[in-house]
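Reviewing the structure listed below.
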Amino acid sequence: MTKLQGQLEALLEEAHIKLSSFVSDLLGASARRMLKAIAEGENDPSALATLGDKRLRATPAQLRDALGACAEFNPVYRRLIKLTLEHLQFVEQQIEQLDQETASLLFQHNDAVARLAVVPGLGVDSAQQIIAEVGAKAETFSSSEKLSSWVGACPGEEESAGVNHSKRSPKGNRQMRRILNQAANAAVKHKGSIFEIVYHRLVARLGHNKTIGVIAHRLCKLIWIILHKGVSYEERGPAVSERSKRVHTARMIRRLKLLGYRVEPVGNPA
């Protein structure tokens, strides 16, 4: 999807449509409505700007300016945009089918998936991939350190105060390292979470990349605890409100039920 989004952005730049300057997600609902209208023949920048969500940071005037090239648009670009959107829709349908098949195969482990999915930065898809890699109980690994070592997320010999200062990238399971790095980048953006707090405490001293490595290591250890000990995650960050926790939990439950999982309350928070 990232590659397709890059191709779409390059196509729009070539067509002198500066939409990506004001809309952060070209695959989001607002951008897709505007691009679909362009592909179907709309050439009025003002009419296209009204299709943007009111929550967009861009003003209607900024959107009209970004879409100004549509007034004299080459039909070839309309066709290319339409083909790109159709390709994106096809890929998304395939991903959804694979998600459903994965959920079906992991149905017997729905409890483990549900417990991992609520961890900031993970979600249902990442939880399924992790369980597919390490098992529903991470039984192969007798400790969180051994799991971290296998993944390649363990601190090296240049560790101090729990922080890895080594510039070397350890060998390990590349798939799990990719998942953990993506999860770490998402977790630090989770408002009020302990991961956001740790990130802001360390980033000034270590920089972004090393701090994300620290967060990934913590996530790896947390995953082992949740799977191996059968406990559930409970956010302890001081800024987390009850409302935000309910919203986050409700979102995860909807996603799980959509994939066919049975969601039941669990105890023993970790």
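The angle between the Cα long axis of helix 123-134 and the longest principal axis of the Cα atoms of the chain comes to about 50 degrees, rounded to the nearest 10.
Helix 242-258 and the long axis of the chain differ in direction by around 80°, with both axes built from C-alpha atoms. Annotated for region 1-155: lysine pairs at least 8 residues apart or interchain, Cα distance under 25 Å, count 10. Hey, if you drop one equal point scatterer on each alpha-carbon of region 2-94 and run the Debye formula without solvent, what base-10 log of I(q)/I(0) do you get at q = 0.18, 0.19, 0.20 Å⁻¹? Values, matching the q order: -0.73, -0.82, -0.91. To the nearest 10 degrees, how steeply does helix 194-206 sit against the main Cα axis of the chain, on a 0 to 90 scale? Around 80 degrees separate the two axes.
Residue separation of residue 229 and residue 133 scaled by 0.36 nm, minus their Cα-Cα distance, works out to 32.8 nm of gained length. As a proxy for reagent exposure, ranking 70, 220 by other Cβ atoms within 10 Å from fewest up yields 70, 220. Placing a label point 7 Å from the Cα of residue 99 along the Cα-to-Cβ direction, the residues of region 12-40 whose backbone N falls under 16 Å from that point are 27-29.
Counting beta carbons within 10 Å around each of 150, 224 and listing the fewest first gives the order 150, 224. Amide H contacts of residue 232 (H built 1.01 Å from N, in plane; Pro and chain starts excluded): 270 sit under 5 Å, all sequence-distant by 5 or more or on other chains. FRET efficiency for the pair residue 90 and residue 262, taken as 1/(1 + (r/R0)^6) with r the Cβ-Cβ distance and R0 = 25 Å, rounds to 0.25. Once the Cβ-Cβ distance of residue 43 and residue 173 is raised to the sixth power relative to R0 = 51 Å, the FRET efficiency obtained is 0.50.
Bear in mind that the values in this text are calculations on the coordinates, not laboratory data. Just so we're clear, the structure is a prediction, and the values are computed from it rather than from any experiment. No Cβ is skipped: glycine too gets one built from the backbone with ideal geometry, and neighbour counts run over all protein chains shown.
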